[in-house]
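The values are calculated or read from the model by the stated rules, or taken from the named source; none is laboratory data. Every value quoted in this text rests on a predicted model; they were computed, and no experiment measured them. Counting neighbours? That spans all protein chains shown, and the Cβs are built from the backbone with ideal geometry, glycine included.
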Amino acid sequence: MFNASFKKLTTSLLALAAFALITQGCTKKVSDTDTTLNIVVRANIKGLDPVRANDLYSSMAIANIFESLLQYNYLKRPFTLEPSLAESMPVASADGLTHTFKIKKGVKFQDNAAFKDGKGRELTAQDFIYSWKRLADPKTASEGFWIFDGKIKGMAEWIEAMKAGKATYDTPIEGLTAPDANTLVIKLTGPYYQLYDVLAMPFSAVVPKEAVDKYGQEFLNNPVGTGPFMLKSAGDWVRNSKMTLVKNPTWRGQAFPTEGEATDKANGFLEDAGKPLPFAEKVVFTELVEDTPRWQNAVKGNFDYVEIPNDVFDKAIDPADRTKLSKELTDKGMKLSITTSPDVTYTGFNMKDPILGKSKELRQAMSLAQDGATLIAKFYNGRGIVAQGPIPPGFPSYDANFKNPYSTHDIAKAKALLAKAGYPEGKGLPEFTLDTLADSKARQQAEFFVQNQAAIGIKVRISANTWPQFQEKIKTGKVQLFGIAWNADYPDPQNFFQLFYSKNMSPGPNDSSFSNAEFDKLYEQSLKMAPGDARNAVYQKMRDVVVEEAPWIFGAHRLGYRAIHGWVHNMKWNDIQNDFPKYIRIDAKQRAELSKKL
Amino acid sequence: MLSYIVRRTLYMIPILIGITLLTFLIFNVLGGDVAGRLAGRHATPEQVASIKHELGLDKSIPEQYINYLHQIATFDYGRSWSTKQEVSTMLSEGVTPTLSMTIPPFLASIVFCIGLALFAVYLRGTIFDKGIVVTCLGLMSISSLVYILALQYFFAYHLGAFPISGWDPSFSGRWQYLVLPWIILFVLTLGPNILVYRSVITDEAFQDYVRTARAKGVASSRVYMKHILKNAMIPIITIIVIDMPFLITGSVLIENFFGIPGLGGMVVKALNESDFPTIKALTVVTSIAYMFFNLLSDVLYSVVDPRIKLG
C-alpha cells in the first residue's frame, strides 16, 4: 500500500516535470516583430510619483512616464543639457537670478480618467508651479525638496504659511510666475548654477493637478505624465515583480540626436540619427534581487542587457583581454559596455573625533596605508579606478594626470607620517572603530581595511550595521571611521564638493563634518561662478585642499560592465540619464535570429 | 469545546497587547531617529523635523502607542514609510504568491513524509529503512541555497524545463513559475520530516497496545493505520502546526531567487529599511497566525484522541 502511494507520488512529480519540459522547453519562440525593451532591475520600484524619485530604480521608471523642463543630450560628453519640455534653453538675467523658460506648445498629458472625457489636456507653465509647490509642500515630505530648498524667492515663506494653515496652492510664490500659458519665470534668492541640472532630474518633473486630486496618495500607482511611455492600467504593474509601460500615443515626439562624441559614429551610435523616438513599443521592468537568476535570464535573452555580477565576472570576460566578453558570450552575439560610474567610494573620518580630526598627518598616513589597487582587484574584479580625489572621470575639472600624494600604497611613507604625527608604529593610539554595513562584501572590505592599517601599527575594530543604523550613526556623529560611497545626482562637481562644506555638516550631507575656512571660501566662490574654465580652476583648488586635509581616504571610481545582446542598438550607457529607454532600438528580427543561439 | 475556543481567543488579546508593546518599544523607542534616515542624505534638520511631524513621530510615546493599537483594531496600518504604498494592500498582494508557493509542497510533504516514515518503520532495520535514514541525513546536510542554485541551474537554465524566474498574478498563469520552487520546498522538508515522523512512529510501534493488537491477530496494515498512525498523530500534529506560520512568512531565499513577490521578501526589506508600519502589520499578522495555529493544534488533539478533553 505504501509502496503504491510512493510510486503514485513519484510518478506524478515526474509527470509534472516532463509536462513542464515539454511545454516550456519546446515552445519557446521569439517573435520577430516584438520591439519590447526588457530591463532587469536589482531592487524594487517603490512608486511612480516624481516627488518620491529618491531611489535609482523608481527614478528610472518615473523618468519614462514623466518629463522635466530639461534633459541631457543622449550622446554628448561631458553631459550637455538640452530642452525637454522647454521650447529652448532658458534665458537668464544678467545677474543670473531670473530664468525665463518658454514651454513647448501642444504637449499633452497622457490620456487618463482624471481628465474630462479621459483625454489628456495641454501642458501649461502653471503645471510646473503646481508640481514644484507639491514638492515643497511639508505634507508631501519629499526627499527631493533639497533641489529647491532656500533657492527660490518666496518659497520658504510659502512653506511656513502652509505649515501655519495660512496658505494654499493658490497662494503665489514670488519666485515662480507664469506670465502666460507657455512662459515660466523662476526668480532665485541667490546664484544657483545647478538649477538647470536639477531641472533635468525626475524630482522636478511636471504632474497634472487633476490626476493628483483624483488619485490622492494613490497617484504613485496611477501615474499621469507627459513622457514617451505610460502605465496603461494599474494592473500593468505587479509590485515587487514586473512593470509594463507602453508607448504613449500622444507624446510630443523627439528625434534621435544627430551629433555626439567624436567616437559615436564609429561605434554605431549615430545610425538612427534624426529618427523619431521612442523605438520600443513597450518597456518591461522586471525586479529581481538575486544576481544568479538575473544573469541566467539575461544570457537566455529574457533581458536585453545586464550588469555582470561579481560571481560570474571571470567566466563572462575574456581572460586574455579583459575589455572583451568571453568567446561563449561573443558567440551568442553579446557585446560589452564599460562605463565609469559617476561615483566615489571612500572611508570617511569623523573630523570631530578628538584624535582623528586633529591630526592631518595621521589621516594622511592612514590613507597611504590603504592598498587601493588590491582593494579594486579583490572586491570589484578590477572594475574600478583608484580615486585620486572626489571628482570622477568625465566630470568638469577632472584631471586624469592628477596624482593624489596620499592615494598611493606606501607603507614607509605612511610610517614616517605616523611618527611625525606623534604616533610612531601606532604607539599611543587607541583602537579605532570602523562602521560599515552588515553584508558580507562590506564586512570583507572592512577586514581588508583593518589589515591595511595593521601594517603601520594602527588597530581598527569593525562595527557592522544595517543601512538605517549606519545612516543614523553617521548623521548623529557616532562614528570614527565609516566606509561609504557617493553617487552623483547631476554631472557637476559641486554635487561632490557640497560634501565638504562646513554649513552642510552632519546631519547635512557633510558626513565627515569637515570644516576648513579656505575650502568654504572657495566653495562659496564657486557657487557664484558660471560653468566654465574659471570655475573648473576653483574646483581644482578645492580638490587640492581636500586631498591635503584628507577628511576621506579615497577608494575607487567604479566601472560598470554590462553585457548587451546583439539586437540592442544605441545603448550608450551612463548612470545620469534615467530616460534612456526612449533611445534604445530593439531589432526584433535580429533578436529572433540570435535567440536561436541562446 | 466552543467555550474553550472562546476562552482561548480572549486570552489572545493580552498576548497580542504584549507583542505590540514589545514591537513598539523595539522600533519606536530603541529604533532611533527614523525621520532622519527617511529624509535622505541631502536633508537639513528642518526637513527632518518636517518629516517627523508628518509621520506623527513628534507626538508623545503613549499617544503613538495608542495610535498603533487603533491601527490594529481597524486593520489600517497606514502607508509604508519606505515605499509609501498602503500596507494592507502590500500584505494582500504578498500573501497570494506566498501561499501559492508554500501550501502545495507543505501538504504534499506531510502526506509523502508520513507515508514514507510509516513504510520505513514497517521495514525497520532493513536496508530500505537504513537507506531512508542515510538519504534523509544526506538531504539535511546540504544547504537550501545549494538546492536552489543547483536545481535552478539544471532544470531552468540548462534544460529550459521551467522559467528561470518570474511571476504571473493570474491564477492560470502562475503555476509554471511555481513548479520548481515547489519541488525545492518539498525536497527541503523531506529530510527533517521523515526522520522526525519515523522516530515518532517507531516509539508508537513498540507500545504494549501494538503487541496486544498483533497478538490478537490484527492485520499488519490495520495495526499501522488504525493504531500506530492514529496515536502518533498527536506529536505529528504538533510538528505540523509549528511549521504552519512558515506558510505565511514564506521563504526569503526562494522568493528572491525565483522572483516571487511574496511576504518573505517583504519582511526582510521592511527590517532593512526600518519600515515600521510594515513591520507592525507583519508582526501582528504573524502573531495572530501563531496563536491561531496553536489553538488549532489543541482542537485537533481532541479530534484525533478523544481522551483529550478541552476545557
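Observations
- Qualifying residues in region A:147-160 (those that are out of contact with any strand residue (DSSP E or B) (no Cβ under 7 Å at 6 or more places or on another chain) and surrounded by fewer than 22 Cβ atoms within 10 Å (Cβ to Cβ)) - the one farthest from A:ILE186 (Cα to Cα): A:GLU160
- Residue match in region B:120-129 (condition: among the hydroxyl-bearing types (Ser, Thr, Tyr), at the interface with another protein chain (Cβ under 10 Å from one of its Cβ atoms) and either more than 24 Å from B:ALA270 (Cα to Cα) or not in a helix (DSSP H, G or I) (or both)): yes
- Per this entry, B:PRO104 is counted among residues that are in the same structural domain as B:LEU263 (by TED's automatic domain parsing) and within 25 Å of the chain's Cα centre (by Cα).
- The set of residues in region B:263-280 being more than 7 Å from every other protein chain (Cβ to nearest Cβ) and either over 20 Å from the mean Cα position of the chain (by Cα) or of a type in the set (S, T, N, Q) (or both) consists of B:ASP275, B:PHE276, B:PRO277, B:THR278.
- Set A:GLY268, A:GLY274: member being without any contact (Cβ under 8 Å) to a residue 40 or more places away in the chain and touching a strand residue (DSSP E or B) at 6+ places or on another chain (Cβ under 9 Å): A:GLY274
- Restricting A:VAL212, A:VAL246, A:VAL185, A:VAL207 to residues that are farther than 30 Å from A:ASP149 by Cβ and either in contact with a helix residue (DSSP H, G or I) (Cβ under 6 Å, 6 or more places away or on another chain) or not polar (S, T, N, Q) (or both) narrows the list to A:VAL246.
- Matching residues in region B:57-114 - criterion: being of a type in the set (Ser, Thr, Tyr) and either under 19 Å from A:GLY216 (Cβ atoms) or out of contact with any Phe, Trp or Tyr (no Cβ under 8 Å at 6 or more places or on another chain) (or both): B:SER60, B:THR74, B:TYR77, B:SER80, B:SER82, B:THR83, B:SER88, B:THR89, B:SER92, B:THR96, B:THR98, B:SER100
- Residues that are facing another protein chain (nearest Cβ under 10 Å) and exposed (fewer than 14 other Cβ atoms within 10 Å of the Cβ) within region B:146-169 comprise just one, B:HIS158.
- Qualifying positions in region A:222-255 - buried (at least 20 other Cβ atoms within 10 Å of the Cβ), of a type in the set (S, T, N, Q) and more than 19 Å from A:ILE584 (Cβ to Cβ): A:ASN222, A:THR226, A:ASN240, A:SER241
- Residue-level check: of (1) β-branched (Val, Ile, Thr); (2) surrounded by 16 or more Cβ atoms within 10 Å (Cβ to Cβ); (3) more than 20 Å from A:PHE580 (Cα to Cα), A:THR340 misses just (3).
- Condition met for A:PHE219 (buried (at least 21 other Cβ atoms within 10 Å of the Cβ), within 14 Å of chain B (Cβ to nearest Cβ), in a loop (DSSP other than H, G, I, E, B) and at negative phi): no
- Listing of helices (runs of 4 or more DSSP H) fully contained in region B:17-116 that carry 3 or more residues being modelled with pLDDT under 80 and over 30 Å from B:ARG198 (Cβ atoms): B:34-39, B:45-55
- A Cβ distance below 8 Å, combined with a sequence gap of six or more or placement on separate chains, defines the contacts here; from region A:112-139, residues that are closer than 13 Å to A:PHE101 by Cβ reach residues that are in a helix (DSSP H, G or I) in the pairs A:ASP127/A:LYS209; A:TRP132/A:SER204.
- Filtering A:LEU123, A:LEU81, A:LEU97 for residues that are in contact with a helix residue (DSSP H, G or I) (Cβ under 6 Å, 6 or more places away or on another chain), over 21 Å from B:HIS42 (Cα atoms) and surrounded by 15 or more Cβ atoms within 10 Å (Cβ to Cβ) leaves a single hit, A:LEU81.
- Among the residues of region A:550-587, those identified as surrounded by fewer than 21 Cβ atoms within 10 Å (Cβ to Cβ) and acidic (Asp, Glu) are A:ASP575, A:ASP587.
- Residue, surrounded by the most Cβ atoms within 10 Å (Cβ to Cβ), within region A:376-393, restricted to residues that are among the hydrophobic types (A, V, I, L, M, F, W, C) and assigned to a loop (DSSP other than H, G, I, E, B): A:ILE391
- Residue check for B:SER199: out of contact with any Gly (no Cβ under 8 Å at 6 or more places or on another chain) and without any contact (Cβ under 8 Å) to a residue 24 or more places away in the chain: yes
- Only one entry in A:ALA136, A:ALA178 is under 29 Å from the mean Cα position of the chain (by Cα), closer than 30 Å to A:MET230 by Cβ and either crowded, with 20+ Cβ neighbours inside 10 Å or more than 14 Å from chain B (Cβ to nearest Cβ) (or both), namely A:ALA136.
- So A:PHE109, is it at pLDDT 95 or above, aromatic (Phe, Trp, Tyr) and more than 29 Å from the chain's Cα centre (by Cα): no
- Residue check for A:ASN452: surrounded by 16 or more Cβ atoms within 10 Å (Cβ to Cβ) and either more than 17 Å from A:THR347 (Cβ to Cβ) or within 14 Å of chain B (Cβ to nearest Cβ) (or both): no
- Pairs where the first residue, in region B:103-116, is touching a residue at least 12 places away in the same chain (Cβ under 8 Å) and the second is crowded, with 21+ Cβ neighbours inside 10 Å and among the small types (Gly, Ala, Ser), C-beta under 9 Å, 6+ apart: B:ILE114/B:ALA232
- Filter result (under 16 Å from B:LYS230 (Cα atoms) and touching a residue at least 40 places away in the same chain (Cβ under 8 Å)) within region B:117-131: B:ALA117, B:LEU118, B:VAL121, B:TYR122
Residues checked against (1) modelled with pLDDT under 95; (2) part of a strand (DSSP E or B):
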position: A:ALA373; (1), (2): no, no
position: A:PHE395; (1), (2): yes, no
position: A:TYR406; (1), (2): no, no
position: A:HIS409; (1), (2): no, no
position: A:LYS413; (1), (2): no, no
position: A:LEU418; (1), (2): no, no
position: A:THR433; (1), (2): no, yes
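- Filtering region B:22-57 to residues that are more than 9 Å from every other protein chain (Cβ to nearest Cβ) and over 36 Å from the mean Cα position of the chain (by Cα) leaves only B:ALA49.
- Residue check for A:ILE103: more than 12 Å from A:MET201 (Cα to Cα), surrounded by 19 or more Cβ atoms within 10 Å (Cβ to Cβ), modelled with pLDDT of 95 or more and touching a Gly at 6+ places or on another chain (Cβ under 8 Å): no
- Scanning region B:279-307 for residues that are out of contact with any helix residue (DSSP H, G or I) (no Cβ under 8 Å at 6 or more places or on another chain) and hydroxyl-bearing (Ser, Thr, Tyr) returns a single hit, B:SER302.
- Lone unmet requirement of (1) touching a Phe, Trp or Tyr at 6+ places or on another chain (Cβ under 6 Å); (2) modelled with pLDDT under 95; (3) under 30 Å from B:VAL187 (Cα atoms) for A:CYS26: (1)
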